[in-house]
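Written out below as structure tokens is the structure these notes cover.
The values are calculated or read from the model by the stated rules, or taken from the named source; none is laboratory data. As the structure is a prediction and not an experimental result, all values here were calculated from the model. With ideal geometry, Cβ positions are generated from the backbone for all residues, glycine too; neighbour counts draw on all protein chains shown. Quick note on the areas: whole protein, heavy atoms, side chains included, nothing else; ligands and nucleic acids left out. Shrake-Rupley method; radii C 1.70, N 1.55, O 1.52, S 1.80 Å.
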Amino acid sequence: MATLREQEPFATIIAYPKRFGWGIPIVFIASIGLGLVFANRNLSLGIAVQLFVQTVGLLWLYVPALRRRMREEGEGREE
């Protein structure tokens, strides 16, 4: 059985530490900032904006890194 470090999403995060080390804090800071702006109008809207920004931001960080890692692993197996 594979260890937790070898399973997704941890394997991808460990493979690209700079991308996630900077990206995750930026996504959460941006989502908090935008959520606060919209929370002044409506709390539910602020929370919805915050969750949307977090979801899109984390997918933007993760999906390209996962594709790159899978492509690199595929090229390694072919050789």
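The table below gives the values:
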read-out: Carbon/sulfur fraction of accessible area - the chain, other protein chains in place, 1.4 Å, %; value: 67 percent
read-out: For PHE52, solvent-accessible area (1.4 Å; no DNA, RNA or ligand), Å²; value: 140 Å²
read-out: Mean separation of Cα contacts under 8 Å, 6 or more apart, over the residue count of the chain: relative contact order %; value: 29 percent
read-out: Pairwise label distance in nanometres, PHE28 with ALA15, each label 7 Å out on the Cα-Cβ vector; value: 2.4 nm
read-out: Rotationally averaged projected area of the chain (alpha carbon convex hull; nm²); value: 6.3 nm²
read-out: Segments 43-49, 68-74, 30-36, 3-9 sorted - mean Cβ within 10 Å per residue, highest first; value: 30-36, 43-49, 68-74, 3-9
read-out: Order by protection proxy (mean Cβ within 10 Å, highest first), peptides 53-61, 18-26; value: 53-61, 18-26
